[in-house]
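Heads up: the structure comes next, in structure tokens.
The values are calculated or read from the model by the stated rules, or taken from the named source; none is laboratory data. Note that the structure is a prediction, hence the values are computed from the model and not measured. We place every Cβ from the backbone using ideal geometry, glycine too, and count neighbours over all the protein chains shown. Accessible surface is based on the protein model in full, side chains and every heavy atom, while ligands, DNA and RNA are left aside. Shrake-Rupley method; radii C 1.70, N 1.55, O 1.52, S 1.80 Å.
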Amino acid sequence: LYIHYSLRVPIAFLVDYTNTAIDKEGVPIPFKPFFTPKNLPEIYLGLKIEADDHFFGKRLKNKPTTLALKLLDYLSKEIISDTSLIKRIDVSKAHASSYGQREIIVILEEKKENIKIKHPFFYHYLRILRLSPECYEQELKNYVRLSKYLMQKENLASLIVDLRIPNLAFIKEFSK
């Protein structure tokens, strides 16, 4: 008898459910006690289904899951560098019936090294990005250009950056 198996690899935590992660194919998996603690991003889908024993191991085939996984893949490949970390992706309102309520929230943690002193340390600050579900790729590219400008100005405050209107960025500072 020969059995070949492979474990599913978690890529994010599903905030909708306790002790639940999701793999790259959109399959929910229980996290503890099968995996060691990891620094994974969180995904909030806004789903209203109960997690039971039949929930795990079956691919979630819905718009929020597909969008969240596509966005996580895009962020990981195109946006994230060694100085940034994806904290959370919220697609719960991405398919709202009202166009004014439709949005994706991406929370990034950025870090910048302070080398002006004898013992360098890192500043950590949050960037909360508000994106539209239809144009998030272009809006993220715009954010990359904007973040370079913000870094030159040494604006290390935590910011909410609303990029949902083309060619505009509404920026608001907030404290953690």
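Note down the magnitude of the dipole of the stretch 1-83 about its Cα centre, charges +1 on Lys and Arg C-beta and -1 on Asp and Glu C-beta and zero elsewhere, to the nearest 20 debye.
180 debye
Working with all protein chains in place, sort Phe34, Phe170 by solvent-accessible area computed with a 1.4 Å probe, largest first.
The ordering from most to least exposed comes out as Phe34, Phe170.
Could you work out how much longer the chain between His124 and His4 gets when fully extended? Use 0.36 nm per residue separation minus the Cα distance between them, nm to one decimal.
Between His124 and His4, full extension yields an extra 38.9 nm.
Given a 1.4 Å probe and the protein chains all in place, what does the accessible area of Phe55 round to, in Å² to the nearest 10?
Around 20 Å² of this residue is reachable by solvent.
Could you check which residue among Pro64, Pro166, Pro37 shows the biggest mean-square fluctuation in a GNM of the chain with a 10 Å Cα cutoff?
Its mean-square fluctuation being the largest, the pick is Pro37.
Which entries in the list Lys58/Lys87; Lys63/Lys112; Lys61/Lys112; Lys24/Lys141; Lys48/Lys112; Lys38/Lys58 go over 30 Å, if you measure between the two C-alpha atoms of each?
Cα-Cα > 30 Å for Lys63/Lys112; Lys61/Lys112; Lys48/Lys112; rest within.
Can you tell which of Cys135, Gly46, Gly26 lies farthest toward the positive end of the dipole of the chain, using +1 and -1 charges on the Cβ of basic and acidic side chains (Lys, Arg; Asp, Glu)?
About the Cα centre, the residue reaching furthest to the positive side is Cys135.
So for the chain, taking the charge dipole from beta-carbon charges (+1 Lys/Arg, -1 Asp/Glu), which of Ser97, Ser76, Leu146 sits furthest toward the positive end?
Leu146
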